Every structure is written in structure tokens, then in C-alpha cells.
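Below: one structure, written as C-alpha cells.
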Amino acid sequence: MASIASLALAGFFLWTGTAGASEWAAQAPSPVLKAPETIFVRLTGYNAVPEQTDGDPHITASGAFSNPDVIAARSRDLADSLPFGTVIMLESPQKSNSCGFDTVDHLIGYRVIADTMHESKRKQVDIMFDTADTVLMEVSGNPQKATNPAVALGVCRVSIRVVGKIALKDIPATQAHLARLMNRALALR
């Protein structure tokens with residue numbers, strides 16, 4: 001109940017333009033915060049390359065630039081729950097042999113839903129990773145091998161938390177900038 005009151009109070013201050021809130025709003029695009037919502041999905045990774053995308057690998061389905069630092073895709077059945085511009089945070093995954101979340105979690109952070117997956121996918125979120133990035137992972141008991149994070153992630157069962165919404169034109173270029181925006185907005189809750 002306290003979080004609903006805090007959210008209402010923060011919304012009142014932003015809406016009325018109270019000093020402090022208006023100064024923050026002038027400094028950065030303000031993401032619209034939603035009440036926290038948790039969705040359980042399969043999590044996978046992908047790269048912005050022709051073999052893994054439709055059309056131009058540099059442009060997402062929403063028209064946003066394919067930025068592997070901040071972009072995620074969602075299956076089409078999640079379009080109502082995760083419209084383009086939704087900012088998500090991943091929660092701890094359920095452990096499985098095919099889940100390499102611990103290997104790549106330092107590359108995930110907050111993500112903005114700006115892409116759509118193939119129509120055959122259901123209840124799934126895909127994290128975009130940079131093709132140049134590598135992580136070390138053990139393969140079949142052999143010594144660690146440098147692998148692209150999309151491959152190292154595998155398939156995980158995770159919960160994602162919806163933490164806000166941002167205009168597609170305001171998607172930050174870096175994970176650090178997105179984290180600052182979301183941390184400021186969450187502090188106002």
C-alpha cells in the first residue's frame with residue numbers, strides 16, 4: 001500500500017511541476033513509471049545480424065536503432081503486456097542446465113522492449129547482445145572458451161519486472177544512461 005501512495009505522490013509532484021521534480025524532468029527525458037508487474041518468460045539472446053533478424057539488422061521492428069547495450073525483443077503474444085518502449089529488469093532465473101544467465105548477467109541490466117520475435121515464439125523475451133562481445137564459459141567439462149553472450153545465455157526461465165516506459169526516440173545509447181534514468185525515476189516512487 002505504501003508503494004501505491006509513493007507512486008501517487010511522485011506522480012502528483014511530476015504533474016504539478018513542483019520544484020525539484022521539474023528540474024529533474026528538464027535534465028533528462030522522463031520515463032513513465034508503471035506499477036511493478038512481473039511476467040514469467042523464456043529468455044534467450046540474439047545478435048543484430050541478417051541471419052537472426054528480419055530485414056535491416058540495424059533497425060528494430062519498432063524503428064529504433066539496434067543497440068545491443070539496451071534493446072530487447074518480445075514475442076508477439078506479449079505485445080499488450082510489453083509494448084514498445086517498456087523498460088524491463090530481469091529477476092533471478094530458475095536454474096537449469098541450459099541457462100547461462102550467471103555468465104552474461106553483467107551485460108544485461110535494464111532493457112527497452114523495441115523489437116519483435118518471429119511469430120512462432122510464445123512467452124519469450126530475447127536480449128540483444130553485441131556480436132563483438134565474448135564471455136568465458138565451460139563447454140562439456142572442457143576449459144573455458146570465449147563465446148558470444150547470446151550463445152552462452154542459452155534458454156532460461158526467468159521473471160521480468162516491468163519498471164517503466166520510455167519514448168522510442170528517447171532510448172539512451174548506453175546501459176549506464178538507461179540505468180541512471182531508471183534509478184532516478186524509481187527514486188521518485
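Scanning the stretch 118-145 for residues that are surrounded by 15 or more Cβ atoms within 10 Å (Cβ to Cβ) and at pLDDT below 90 returns a single hit, Met137.
Here's a check for you: in the stretch 146-189, which residue that is among the small types (Gly, Ala, Ser) and surrounded by 15 or more Cβ atoms within 10 Å (Cβ to Cβ) is farthest from Thr134 (Cα to Cα)?
This residue is Ala185.
Of all residues being in a loop (DSSP other than H, G, I, E, B) and in contact with a Pro (Cβ under 6 Å, 6 or more places away or on another chain) in the stretch 36-65, which is surrounded by the most Cβ atoms within 10 Å (Cβ to Cβ)? Just the residue, please. By that ranking, first place goes to Ala48. Filtered by the rule that a residue be surrounded by fewer than 17 Cβ atoms within 10 Å (Cβ to Cβ) and without any contact (Cβ under 8 Å) to a residue 24 or more places away in the chain, the stretch 86-112 gives Lys95, Asn97, Asp102, Asp105, His106.
Looking only at residues in the stretch 113-165 that are in a strand (DSSP E or B) and among the acidic types (Asp, Glu), which one is farthest from Val87 (Cα to Cα)? The qualifying residue farthest from Val87 (Cα to Cα) is Glu138.
Against the definition (at pLDDT 90 or above and loosely packed, with under 15 Cβ neighbours inside 10 Å), how does Pro83 come out, yes or no? Steps first, please.
Values: at pLDDT 90 or above: yes; loosely packed, with under 15 Cβ neighbours inside 10 Å: yes.
Taking the combined requirement at face value, the residue satisfies it.
The values are calculated or read from the model by the stated rules, or taken from the named source; none is laboratory data. What you are looking at is a predicted structure, and each value in this text was computed from that prediction instead of being measured. Glycine gets a Cβ as well: all are built from the backbone with ideal geometry, and neighbour counts include every protein chain shown.
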